[in-house]
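A short write-up of the structure that comes next.
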Amino acid sequence: GEMMKTRMQPIGNVLNKFHRVVRDLWQELRKNIAITISGAETELDKSLLEAIKDPLTHIVRNSCDHGVELPQVRKNSGKAEQGTIAIRSYHEGGQVVIEIADDGKGLNKDVLLQKALEKNLISKEQSAQMTEKEIFNLIFAPGFSTASQITNVSGRGVGMDVVRTNIEKIGGTVDLLSQDGRGTTIRLKIPLTLAIVPALIVSCGDGTFAIPQVKLAELVRVDQSSQENRIEYLQGAPVYRLRGKILPLIDLNSVLGHAHQDAAVRPITNIAVLNAETYSFGLIVDSIQDTADIVVKPLSRLLKSLHVYSGATILGDGSVALILDVQGIAKVARVRNEANAPEKTTVGATDQNSNHHRTEFQDFLLVHLQSPTKHAIILSYVHRLEEFKRSDIEISAKRRVVRYRGAILPLISANELLQYPQDPQSVKDTVSVVVVEKAGHLYGVEVDTILDTLSTTADTDTTLATENGIIGNLNTGQELIVVIDPFQIIEAAVPTRPKLTPVSGEKPLIAKATGPALTGAGLTPKRILLVEDMAFFRKLVTGVLEGAGYQVVSASDGLEACQILDSENGAFDLIISDIEMPRMNGFQFATAIRAHAKYKHLPMLALSSRADKSYLQQGLKAGFNSYLEKMQPPLLLNSIEDVLSLSLGGKSA
Amino acid sequence: MNQQLTTFYIGKDLYGIEVMRVQEVTGSLNTIPVPLAPQFVKGLINLRGQIATSLGLRELFGLPAEQIKNDASVVCKLDGNLISLCVDSIGDVMEVQESQFETAPEIIPGGVKRFLKGIYKIDGALLSLIDLERLSLELSNNSDQKESKSINN
């Protein structure tokens, strides 16, 4: 996330103030309340932190006021006289969770229903059908207050409905759990991917769009009638001389496919000078509207995959504006001005010599292990991030496990598998765990610290990937990062027989260049068409295949693969295809191949990081001969051999 | 076991979605178009502060565009995203029985069939049950049906 890295602050900055808040309330309420805070170091965007301050304060005051009972009442019901409010904060699956738990009297369903009926918030019929959760959620209904007297502390019309509205405004959720007589827990979830960002609002065609200010360098207004200050053309491409340097221009109208007037014939043109990661360009827009702090709302994957929008937001007047993905627009418009590159700070390493016109980004999760170098896991592999108490770890037949969501989660130490010496000093009370789904099962890969995410165009260098569990090295330009393969690490710790495929995976790894690639058909190497949308994997798998002596042609989706097949007259021995791809996915691709008169006999192998049962079945149904989980090179090479020999056998029979 | 369905019409055909999966049913809402999006994406909607993606079921199913105004929307949550399905009109909430169920017959055009779990044979009508999981899968794979068909030619 480009927007995420800004202004992160520990949540303790807000939470630690509650010690004082609760102490002050002691006096006023004549209650004895202790407050505990954990996870104060959890980081959150500064603007989000500001936004949750008041709702959190309200919840804490509410717990003191309505939750925790008077000392005498507590004593009579067999509780300690001192009540507690425990605030916990932690990261969970891309969100920050804040839990406020009191051990007070809890919510009474009958009382809540009675109040709601009295206030006409619900009807009698409704009340009879409501679930426990729905009843508890009544306290978030506008105009609801459970205290029989409105007190100074948490009353005065500002109810829990305002809390919920404010949390939802920043894209969060509020949840409530309660046990009558035992206490109440309120859980806020604040998505990390949402942020309040300052943005420039522009219009173009009929639409209104937002550009994050961090990407904006300056605004330029060009008068085409002037001699110096005007748009010029280089081989038909519009450029502008900005302080003596050539700035490439992109017309937002043409990126978005709007019918529009060429900038050259407009008297006045507005240009927003934007910084993509490695270069600058000017974006021509119809008009500049305003600047505003906008709340970034996520887009569905379908719209994200257009690579032009990074989110959406709701403007002051209630209308929706799309947030432009500056990087993506540059990519779509395929503008690169290499001359400008050295001036800019680069996050992703720029490969000046490479001539591939598609710069593709790969997202990684960065973690700390017992090594001075940061380690990275491909973000799409990460199912969830969890933190467990060390005391919650149990032992099952020599394996460390935790009970997790009603199942057993095996824990695998990345340090141990990579043979990094464990410093006993570094053992903490909690363990950070990257939960990975492998063949339909969840595994926990234990790391020292979860650091951040990284989106980069840097290539992974696989030359040093000799160690088991390591994919290669990432050179971001600023530092070296080791990319680890959680699947290999899990496989090494918990070996599974590859039941996923009809082929056997137990043969030893074939030695380089002497493998099956050259056998069978004599000296001509076997040709493989590799279909994979992510450049990262394309490169990786190509490396493995070429290392084993195959000739590889790659395509970035099913549609491109079809074009290649047509242009090369289907001259391939095998197709290896990813499943989740834009335009035409693996299932559609396989179905199309199997329906094609000429290509239907080509052996096809599916290779996907999603290898659960339903995908496997769907894959085989669509026409794949075999289905493999991504990134297990030995298994991949063996399967290729098996599929090829099967198809050879089929032909000769 | 009986099951309640929110029903709606596209043309003369009756469709249903499990009541529990439907967040709300609304009239027509102000839609902001999304340039470059596939044709079945009608745009984005401000649904009381949340952003919903509006999909034209007619377009998604590959049915001919009609002059009928899409007056109604069925809002569901799919994979954490709000999706507003544009339909021609809303029907009643209907109770259906397992015994009335049958998988979708081959005669239904593939463009529609792949989004259906099956058919309920109710009195006086056939009710097609929408498969939301399938819808979600297709959407996250960003399938463009037109392009995927081109290879067969």
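What is the mean number of Cβ atoms from other protein chains located within 10 Å of the Cβ atom of each residue in peptide A:556-563, rounded to a whole number? It would help to have the intermediate numbers written out before the result.
Numbers: counts 0, 2, 4, 5, 0, 1, 5, 2.
Partner-chain Cβ atoms within 10 Å, mean over residues of A:556-563: 2.
Round to a whole angstrom and tell me the spacing of the C-alpha centers of segment A:89-118 and segment B:34-97.
That distance is 34 Å.
When A:Thr373, B:Thr7 are ordered from fewest to most other Cβ atoms inside 10 Å of their Cβ, what list results? Before the final figure, lay out the partial values.
Working: A:Thr373 12, B:Thr7 25.
Final ranking by Cβ density, sparse to dense: A:Thr373, B:Thr7.
To the nearest whole number, what is the average tally of beta carbon atoms from other chains within 10 Å of the beta carbons of peptide A:303-311?
Shielding by partners across A:303-311 averages 4.
Let's test the formula: R0 of 22 Å, r as the Cβ-Cβ distance of A:Met8 and A:Asp293. What FRET efficiency results, to the nearest 0.05?
Calculated value: 0.80.
Quick check: from the Cα gyration tensor, does segment B:1-60 come out rounded (a/c under 1.5), prolate or oblate?
Cα axes put segment B:1-60 in the oblate bin.
Between A:Glu232 and A:Asp452, what FRET efficiency follows from the Cβ-Cβ distance if R0 is 51 Å, with the result rounded to 0.05?
0.75
Treat the count of other C-beta atoms within 10 Å as a stand-in for reagent exposure and order A:Ser63, B:Ser128 from fewest to most.
Lowest count first: B:Ser128, A:Ser63.
Could you check the simple spin-label distance between A:Asp423 and A:Ala407, using points 7 Å along Cα→Cβ, in nm with one decimal?
3.5 nm
Mind giving me the FRET efficiency for A:Thr36 and A:Asp262? R0 is 56 Å, r the Cβ-Cβ distance, nearest 0.05 is fine.
Details: r = 65 Å, r/R0 = 1.16.
It comes out at approximately 0.30.
Considering only DSSP states other than H, G, I, E and B, which trypsin sites (Lys or Arg not before Pro) in segment A:72-138 qualify as loop sites with at most 16 other Cβ atoms within 10 Å?
Hits after loop and neighbour filter: A:Lys119.
Name the most mobile residue of B:Arg48, B:Arg114, B:Arg58, meaning the one with the largest mean-square fluctuation, in a Gaussian network model of chain B with Cα contacts below 10 Å.
For chain B, modelled as a Gaussian network with Cα springs under 10 Å, the answer is B:Arg48.
Straight-line reach only, C-alpha to C-alpha below 17 angstrom: list the aspartates and glutamates that A:Lys304 could link to, leaving out same-chain residues fewer than 8 apart.
A:Glu2, A:Asp325, A:Glu360, A:Asp363, A:Asp533, A:Asp557, A:Glu580, B:Asp79, B:Glu138, B:Asp144
Rounded, prolate or oblate: which fits chain B, taking a ≥ b ≥ c as square roots of the Cα gyration tensor eigenvalues, rounded meaning a/c under 1.5, else prolate when a/b beats b/c?
Oblate, since a/c reaches 1.5 and b/c is not below a/b.
Considering only B:Gly11, B:Gly80, B:Gly91, give the residue with the highest GNM mean-square fluctuation for chain B, with springs between Cα atoms whenever their separation is below 10 Å.
Evaluated over chain B, the most mobile residue of the options is B:Gly80.
Within segment A:1-98, list the GluC sites (Glu not before Pro) lying in a DSSP loop whose Cβ has at most 15 other Cβ atoms in a 10 Å radius.
In loop regions of segment A:1-98 (DSSP not H, G, I, E or B), the sparsely surrounded GluC sites (Glu not before Pro) are A:Glu41, A:Glu81.
Hey, fewest Cβ within 10 Å first, where do A:His19, A:His375, A:His307 land in order?
Result, fewest neighbours first: A:His19, A:His307, A:His375.
Can you grab the distance from the C-alpha centre of segment A:547-570 to the C-alpha centre of segment A:163-223, Å, no decimals?
Measuring centre to centre over Cα atoms gives 43 Å.
Among the listed pairs A:Lys331/B:Lys42; A:Lys189/B:Lys117; A:Lys215/A:Lys297; A:Lys17/A:Lys389, which have their C-alpha atoms separated by more than 29 angstrom in this model?
Over 29 Å Cα-Cα: A:Lys189/B:Lys117.
Assign one of three labels to segment A:376-448, namely rounded, prolate or oblate, based on the Cα gyration tensor with a ≥ b ≥ c the square roots of its eigenvalues; rounded applies when a/c is under 1.5, prolate when it is not and a/b is larger than b/c, and oblate otherwise.
Here segment A:376-448 falls in the oblate category.
Values in this text are rule-based calculations from the coordinates and carry no lab data. Values in this document were obtained by computation on a predicted structure and should not be read as measured data. FYI the Cβ positions are ideal-geometry reconstructions off the backbone, even for glycines, and counts take in every protein chain you see.
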